[in-house]
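Colleague: Submitted below is the structure of interest, expressed as C-alpha cells.
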Amino acid sequence: MKKVITYGSFDLFHYGHYRLLKRAKELGDYLIVGVTTEQYDEYRGKLNVIDSLMERIENIKQTGLADEIIIEDHEGQKVKDIQKYGIDIFVVGSDWKGKFEFLKQYCDVVYLERTKGISSTMIRQKNYKIVKLGIIGSGRIATRFAPEVKYVSGTNLEGVYNPSIHSARRFAQQFELKFFTDDLEAFFEKIDAVYIASPHNTHYEYIRKALEQGKHVLSEKPMVLHAHEAEEVYHIAKEKGLILLEGIKTAYAPGFLQLLAIAKSGRIGMIRDMEACFTKLVAGDIRELKPEENGGSVTELASYPLLAIVKLLGTNYKDLRFDTFVDENGIDLYTKIHMKYEKSVATGKVGLGVKSEGQLLISGTQGYIHVEAPWWKTQHFEIRHEEQDKNEKFFSKFAGDGLRYELSDFISMINGNERKGFKLTPKESVAIAEIIEAFLGKENTVTMKY
Ligand code: CTP
C-alpha cells in the first residue's frame, strides 16, 4: 500500500485545498493529512488563521479524501511522522518548491502545481475589509511597530500623526506611508483604527478623541496613568462598540500564554509567590528620565511585571507597597513593588538605573517555574521540582519585536473575533493602571535617594 502525507492550515477551506488533496490521494492508496494547530501556526508566524482546528479538521473530513487526519504541532514533526506512518510520498503545493528537499532521504517529495487564483489569504481579504491603521507618534516604539505590521494580514499602515510635522514627514518617508499630518481631525478621517505610540501622559486624550471619532484603539502601555481614566475609556469603547486594547506585548505572545496555562494547571501546586523583574539601564536626554513626560521605571516598565502578577494572582490584592530610589529630579530609577494577596505574595522589580536578572519566578507548593530572561519575550521556561528528574523544559518563539501578536489580536477582534479579548481584559488593565496611579500618588511608598 502506497502511503501519501500532506500538511497545511487549510483555513477557510477552498477549491485549491480540495484539488491538492484530490491529486495527493491519486498518487497513492492511503492519504494522511496533517493539520496545523493554532499554536504551531503562531509559532511559524502565521497569525491570521480564522477557523478553529476543529473546523479545519471537519472541512477536510467532509471531502472524504483523507483516510486519516493528524495534527501537526511542532517543528521537526514531519520526519517523525514519515517514519512512524511508513510514508512513501510527501506532497505539498508548488509554493513550497525546494523547501522540503531534506525529506528526500526518507521518502519521495512531490510538489503539486498550486491552483491559481485562490488562497486562504485572498478569501480573508475578500471577507474582511482591510483595516486602515494610523499611528499617533513617531518615536522609538513607533519605529519598532511599523515593520511588524506587514506580518499581520487584514490591515495596512496608512499614515502617521505627529504635532511636529517634521517628525511625521520623516517617519512617513522612512516607512513609505501614504500620508503624514499634524492635523488630528484630518488624520482620523483617513483611518479605521489607531495605534497610540505617543508619550504616556498624552495617551488618555488621544484615546478619548479616537474613540469619539469612532476609531478602534490599540494603545501602548501604560495605557493611562489613572484607574478612573482607564475605566472611562473602556466604558466609551463598549458603548460605541469599538475595540480598545492595551498593548502590553507579552500578554499576546504564544510563549506567555503557554506559561500562564501551565502555571494555572496546578503542575506547581498552589502559587504562593511571584517575583518578576525588568530593568533597562538608560542615560541621556530621553523621555524615560524626564519628569514632565512621566518618566521613571514604574511608568516605563512596571506594566510587564504587573501583567504577569495580575494574570496569575488576580486583581484582588489586599496590600500594595513600594520601595523606590529616586534621582534629583524625582525620577524613580529603581522600584520594588510589593503585593499581598489572601494566599500569596508578589514582587515586581523595575529599574532604569539598577541592573538585575530579568527573570520571572513563580513559586508553588509543589514546585516552581523559572522563566529565563528576558521573560517578557517569553521563549524558554522550566518547571522545577524537588525531584530534579521531574523537571520539564518548554520552548516557544517570540518573533521579531513581538508587536505583531497584539496587532494580530486587535485586527481579529475588530473583525468580530471577541474570543481573543481574554488575553488582557479591561479589568486587568484597569488594575494595572490603579497600581501605577498608587505609585505616582506616593501611596505606601518608602523613598530613598538613588
Ligand atoms: N494550495 C494549493 N492551491 C492553492 C492554495 C493552497 O495547492 N490555491 C496548497 C498549499 O500549497 C498547501 C496546501 O494547499 O500544500 C495547504 O495550504 P495552506 O497554506 O493551508 O493554504 P493557503 O490557501 O496557501 O493559505 P494562506 O493563504 O493562509 O497561506
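Any read-out appearing in this document is the output of simple, stated calculations on the displayed coordinates, not a laboratory observation. All figures in this text were calculated on a predicted structure; none of them were measured in a lab. Note: ideal-geometry Cβ built from the backbone for every residue, glycine included; neighbour counts use all protein chains shown.
Colleague: Under a point spin-label approximation (7 Å from Cα along Cα-to-Cβ), what is the ASP401-HIS338 distance to one decimal in nm?
Modeller: 3.7
Colleague: Shifting gears a bit: If Lys and Arg each add +1 and Asp and Glu each add -1, what is the summed charge of the other residues whose beta carbon sits under 12 Å from the beta carbon of ILE414?
Modeller: Neighbourhood net charge equals +1.
Colleague: Filter the GluC sites (Glu not before Pro) in the range 55-86 down to the DSSP loop ones having no more than 13 other Cβ atoms within 10 Å, then list what survives.
Modeller: Within the range 55-86, the qualifying GluC sites (Glu not before Pro) (loop, at most 13 other Cβ atoms within 10 Å) are GLU75.
Colleague: Quick one: 3J(HN,Hα) in Hz for the range 174-185, Karplus 6.51/-1.76/1.60 with θ = phi - 60°, rounded, Gly and Pro as x.
Modeller: 4, 9, 6, 7, 5, 8, 9, 7, 10, 10, 5, 4
Colleague: Hey, can you grab everything whose amide H is under 5 Å from the amide H of TYR30? Only 5+ residues off in sequence or another chain; H modelled, so Pro and N-termini drop out.
Modeller: Correct list: LYS2, VAL4.
Colleague: Per residue of the range 325-341, in order, report the coupling 6.51 cos²θ - 1.76 cosθ + 1.60 (Karplus, θ = phi - 60°) as ³J(HN,Hα) in whole Hz, putting x for Gly and Pro.
Modeller: Result, ordered by residue: 10, 10, 8, 5, 8, x, 7, 7, 9, 7, 9, 10, 9, 10, 10, 10, 10 Hz.
Colleague: Let me ask something else about it. What percent does the relative contact order of the range 381-450 come to when contacts are Cα pairs within less than 8 Å and at least six residues apart?
Modeller: 13
Colleague: So, counting K/R as plus one and D/E as minus one, what does the shell of residues with Cβ under 13 Å around THR447 add up to?
Modeller: The answer is -1.
Colleague: Just need the relative contact order of the chain here, percent rounded to a whole number, with Cα pairs under 8 Å and 6+ apart.
Modeller: The value is 14 percent.
Colleague: Further, regarding this structure: Stretch ALA186-GLU58 to full length: gain in nm at 0.36 nm per residue minus the Cα-Cα span?
Modeller: Once the chain is fully extended between ALA186 and GLU58, it gains 41.4 nm.
Colleague: Tell me which GluC sites (Glu not before Pro) from the range 153-211 have a DSSP coil assignment and no more than 10 other beta carbons within 10 Å of their own.
Modeller: GLU176
Colleague: Starting from the Cα of SER265, move 7 Å in the Cα-to-Cβ direction to define the label point; list residues of the range 31-71 whose amide nitrogen is under 17 Å from there.
Modeller: Answer for the range 31-71: 37-40.
Colleague: Rounded to the nearest 5, what % of DSSP beta bridges with both residues in the chain are antiparallel?
Modeller: The antiparallel fraction comes to roughly 40 percent.
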